[in-house]
Amino acid sequence: MSPSTFSNTVLLFDKPIRWTSFDVVNKVHYLIRQKTGHAGTLDPLATGLLILCTGTETKNITSFQSLDKEYTGTMIMGSATPSFDLETAIDQEYDISHITEEMILSAAEKFIGTMEQTPPSHSAKHSEGKRYYKLARAGKSFDLKKQVVTLNEFEITKVSLPEVDFRIVCGKGYYVRSLINDLGRSLHAGAHVSALCRIRIGHYHLKDAWKMGEFAKFVKAERDSAVTGISGESPNA
């Protein structure tokens, strides 16, 4: 296999924390020297599955964006941030001494289904041609447009206050950060995301994804073997 084998194909990556989705796209584009695009943004502080399409396969990006997505994560109850995660500092704190596991489980059930959701101000949505997060970071005010989204599953997997672990399955355009913020508000306790990982998109799974370091080493080895005539072997084989 040579770098050209990565043309016109679908690649799965495990996005590292603090990398943007475009950081991954740019790195892969540099390594394989092929047209590359991603099929669904992950926040910089989120990790997990990112689907990349190369060459002619980039024409099919929208088909991947419509697939359902599965996440696992951790929320912190009793405090909130403007970005609904740790990108910004805590600006609100609440007493959670009244909160019980039963209250959290009951509140979570109410968010399952199709309903309107307000995206975070720190997000990649557009307002008059400018990204929400750029406007928010500049301290500018703007209208947050609600969108109709679907939450298929919302499972609370562990409660150890103030930390609460969860798993969700959702449809296109869903913001997990908004869900957690809304859950905290519904309990008059505040909440923000402290960790988030996308583990599945449709039938594509994180366990099958490349780590960026492994991919870079593999591409280099294949490029070197193409020059020397020595065949390499995939670390995922």
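When both residues are 6+ apart or on different chains and their Cβ atoms are under 6 Å apart, which pairs have a first residue that lies in segment 152-167 and is modelled with pLDDT of 95 or more, and a second that is of a type in the set (Lys, Arg) and part of a strand (DSSP E or B)?
The qualifying pairs are Glu155/Arg167; Thr157/Arg167; Asp165/Lys158.
Here is a check on your reading of the model: is Val149 touching a Gly at 6+ places or on another chain (Cβ under 8 Å) and either at negative phi or open to solvent by 20 Å² or more (accessible area, probe 1.4 Å) (or both)?
yes
Determine whether Gly73 is out of contact with any Lys or Arg (no Cβ under 9 Å at 6 or more places or on another chain), open to solvent by less than 40 Å² (accessible area, probe 1.4 Å) and within 16 Å of Val164 (Cβ to Cβ).
No, not satisfied.
Only one residue in Gly55, Gly78 is open to solvent by less than 20 Å² (accessible area, probe 1.4 Å), modelled with pLDDT under 95 and at positive phi, so which one is that?
It is Gly55.
For the subset of segment 13-38 comprising residues that are assigned to a helix (DSSP H, G or I) and hydroxyl-bearing (Ser, Thr, Tyr), which member is least open to solvent (accessible area, probe 1.4 Å)?
Ser21
Using beta carbons and a limit of 6 Å, which pairs, at least six apart or on different chains, have the first residue in segment 1-28 and small (Gly, Ala, Ser) and the second one modelled with pLDDT under 95 and in a helix (DSSP H, G or I)?
From residues that are small (Gly, Ala, Ser), the pairs are Ser2/Glu222; Ser2/Ala226; Ser7/Gly55.
The values are calculated or read from the model by the stated rules, or taken from the named source; none is laboratory data. Note that the coordinates shown come from a computational prediction; the quantities given were computed from them, not determined experimentally. Cβ sites come from the backbone with ideal geometry, for glycine too, and all protein chains shown count toward neighbours. Note: areas computed on protein heavy atoms with side chains; ligands, DNA, RNA excluded. Shrake-Rupley method; radii C 1.70, N 1.55, O 1.52, S 1.80 Å.
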